[in-house]
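Just so it is clear, none of the values below were taken in a lab; they were calculated from the coordinates. Please read these numbers as outputs of a predicted model, since none were measured by experiment. Cβ: placed from backbone, ideal geometry, glycine included. Neighbour counts: every protein chain shown.
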Amino acid sequence: MDMQNWQQSCYEPYLPITEKSNPITRDIDRANPKEIVQMLQKCDAEIFERTSYGNHMYQTSVVQTIVDVSKRVEVILKDPEDSLIILSGCGTSGRVAFLLATSLNRLLASQNHKQIYSYIIAGGDKALLTSQETPEDDPLLGALSLDKACVGKKHVLFIGISCGLSAPFVAGQLDFCLRNLEIFTPVLIGFNPIDMARTEPIKNCSFHFKEVAERMNEMQTHQKAYVLNPAVGPEAISGSSRMKGGSATKIILETILLAGHQAAYNNEAVTLNGILHSLNMFEKVHQITYSQTTELAALVQKAAISLRRKGHVYYLGWQTLGIIGIIDASECIPTFGAGFEDIRGFVSNGFSEMNNKEGDLSSLGPHFIIGHKDFIDSILPNLSESDTVIFLYTENVDLNEVSALAKIVRQYTSNLHAITHEHEGLSDPEQMKSLFMTVLTFNWPSSLYMHQPDLMKQYWELSTKWCLNAISTGAHVLIGKTYMNYMIDLRVTNSKLYRRAIHILQRFTGSTLSQCETALLRVLYDVEELSDEMSSTDVTQHTVVANEKGNVVPIALVMLQSRRTIAEAKSYLNAYSVIRDAVAACQRLL
Ligand code: F1P
């Protein structure tokens, strides 16, 4: 089915695009590693597809908005005193905001310009490395943190990211901007048409997301606000916006921000053609990355074998590729219910490389131990052949450092691999390659970076993100964590995830919405009969309870399917370590 068809209202009409199940990956749970990578390649290609029910990325209206926002960036860069560009979001969207703000501030500093970028992530810096889903539901918190971030500023370009046009935290911030347009120019980035934005009422709040998005749209006619919401198709794993949503956000924002930089500092006016060229280059990055399907599939397989053997996957990255690794690894915990030790990322120089607002967070606990030195001290002594180690580096790093660490790791496991990036023609010394069992090398043609050399780093980051998303997603799919392309065992920790859980129950049991919600609540509160208080309390309260509960949706599913009690459903599920098998067996009970 192509974009044209699945986005038409007849395909899962009750769901916004970002929550739909993608037909390309419908049978991903039965695919082999190579097929999985090919499916992901197709899903990611939809970012650049030129046919779509909603506006697509290359559509003139989208490109024109990118031009308009880039010009705003140019104005701010030319008058940096009292000005700020703030990027904000929840979960992956906040992590992309952080990555861009930090990386562009570094670029500005290296060229002796004032650093004017800032980021906000719901839940603060600890949400960069761990899942903090609850603050996402709080619009007031969003507005307050924005207000605090721009004290004393006269011009603020605010970029609010919510892939699903759904996060109340971001809605609160956009509303705040719309009420203070003399200071703020708000931009909304997401991947649903506005009529699919979320309409669920927000607690203690007079507006919902769609209402704010409509106000934004109206203000766009006066060039006072901008909405960038191309349709890029459903995620490969339903609703998992860390994948396509995160990548498309990075592509759009890097296009905008670097076009603004070129205009402000190199006198290169922002044009429609320039923006189209930039999007084209990102499309090439997609093609080059997925041209190595076989090699990538081999890494997916290695990672799956490690997880199946109860081993681990470790990403050891240099510079921002290390951060990409940490982000990918930490997202596996909420996405796949993975254990924190299963897939972990480490970055050279730890928190000084992160350069995050709140500084070194290592005292917060083991989830925040991220440096290569920490890896050597705490992981290396127990490293074995069951573990897969993947180095992530580019030709711009100190290769002596890379080879020294590789030699140490090799003393513990030969299951050592590398993903590397280099300019075409400048090849990695052979002796480097001999240190690894496999090396996935990307040779980047000069045509890609001639126009804007600054973008090369962003291309390498995106390419690495695609590879790691494929490895971690593919590995979890191969060990049976998904059923079809649904992640059934999701944690119901905010209102969006609560609604997604109910939808999954409806999808697989055919029960009514109210039956599914009741079953979900019974499991959350661990009672066969819900009290009036439990039924009437709001979703926020339910998600607080859900924070401490695992296996909630699978248990509710078994209950609905087979009319079992909670205890019976739990013991039924205990017989299965693989979600796919449990659900399939449960389907047969019908
Ligand atoms: C934000 C987000 C996702 C995360 C999870 C919960 O989504 O935190 O990043 O993976 O699905 O929601 P959005 O506001 O960008 O749609």
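Cα-Cα pairs above 23 Å in region 384-474: how many percent?
Numbers: 1147 of 4095 pairs.
Considering region 384-474, 28 percent of its Cα-Cα pairs are separated by more than 23 Å.
Hull volume per residue, based on the alpha-carbon atoms of region 142-266 and their convex hull, is 122 Å³. Amide H to amide H, with H built 1.01 Å from N, His421 comes under 5 Å of Tyr393, Thr394, Glu395, Phe442, counting only residues 5 or more places away or on other chains. Taking amide H as placed 1.01 Å from N in the peptide plane, the amide H of Thr185 sits under 5 Å from that of Val156, Leu157, Phe158, each at least 5 places away or on another chain.
What is the projected area of the convex hull of the Cα atoms of region 95-187, averaged over all directions, in nm²?
Values: hull surface 24.8 nm².
Mean projected area of the Cα convex hull: 6.2 nm².
What shape does region 512-559 have by the C-alpha gyration tensor, where a ≥ b ≥ c are the square roots of the eigenvalues, rounded means a/c under 1.5, and otherwise prolate means a/b greater than b/c and oblate the rest? Kindly include the intermediate steps, with their values, before the conclusion.
Values: a/c = 1.57, a/b = 1.10, b/c = 1.43.
It is oblate, given that a/c is not under 1.5 and a/b is not larger than b/c.
Rounded to the nearest whole angstrom, the semi-axes of the ellipsoid equivalent to region 466-584, taken from the Cα gyration tensor as √(5λ), stand at 25, 17, 12, largest first.
Do you know the relative contact order of region 326-460, to the nearest whole percent, from alpha carbon pairs under 8 angstrom that are 6+ apart? Before the final figure, lay out each step's value.
Values: 151 pairs, mean separation 21.5, N = 135.
After rounding, I find 16 percent.
Give me D for region 203-328 in µm² s⁻¹, whole number, from Stokes-Einstein with Rh from the Kirkwood sum over alpha-carbon pairs, 25 °C and 0.890 mPa s.
Details: Rh = 18.6 Å.
Using the Kirkwood radius from Cα pairs, D works out to 132 µm²/s.
For region 472-484, 3J(HN,Hα) computed residue by residue from phi via the Karplus equation (6.51, -1.76, 1.60; θ = phi - 60°) reads 6, 5, x, 4, 5, 5, 5, 8, x, 7, 10, 10, 6 Hz, glycine and proline entered as x. Here the convex hull built on the C-alpha positions of the chain has a volume of 143 cubic angstrom per residue.
Once you have the alpha carbon radius of gyration of region 536-590, what is it after dividing by 2.2 N^0.38 Å, with N set to its residue count?
Values: Rg = 12.6 Å, N = 55, 2.2 N^0.38 = 10.1 Å.
Taking the Cα Rg and dividing by 2.2 N^0.38 Å, one obtains 1.25.
Per 5 Å bin from zero, what fraction in whole % of the C-alpha pairs of region 264-421 is there, up to the bin with the longest pair? Reading the bins upward from 0: 2, 8, 15, 19, 18, 14, 10, 6, 4, 3, 1, 0. Residues whose amide H comes within less than 5 Å of that of Tyr315, counting only those at least five positions distant or on another chain, are Arg344, Gly345, Phe346, Ile390 (H built at 1.01 Å from N in the peptide plane). Within the shell of other residues whose beta carbon sits under 14 angstrom from the beta carbon of Ile194, the net charge comes to -1, with Lys and Arg scored +1 and Asp and Glu -1. For region 13-124, the alpha-carbon radius of gyration amounts to 1.43 times the rule-of-thumb value 2.2 N^0.38 Å expected for a compact globular protein.
Binning the C-alpha pair distances of region 428-493 at 5 Å intervals from 0 yields a P(r) profile of 3, 13, 14, 14, 16, 13, 10, 9, 6, 1 %, listed from the shortest bin outward.
Between beta-carbons, use under 12 Å as the cut-off and find the net charge around Ile305, counting Lys and Arg +1, Asp and Glu -1. Charge balance in the 12 Å sphere: +2.
Order 512-525, 492-505, 101-114 from most to least packed using the mean count of other Cβ atoms within 10 Å. Working shown, then result.
Values: 512-525: 19.4, 492-505: 23.4, 101-114: 15.8.
Ranked from most to least packed, the peptides come out as 492-505, 512-525, 101-114.
Write down the Å³ per residue value for the convex hull defined by the alpha carbon atoms of region 231-277. Don't skip to the answer; put the middle values down first.
Details: hull volume 3.3 nm³, N = 47.
So the per-residue hull volume is 70 Å³.
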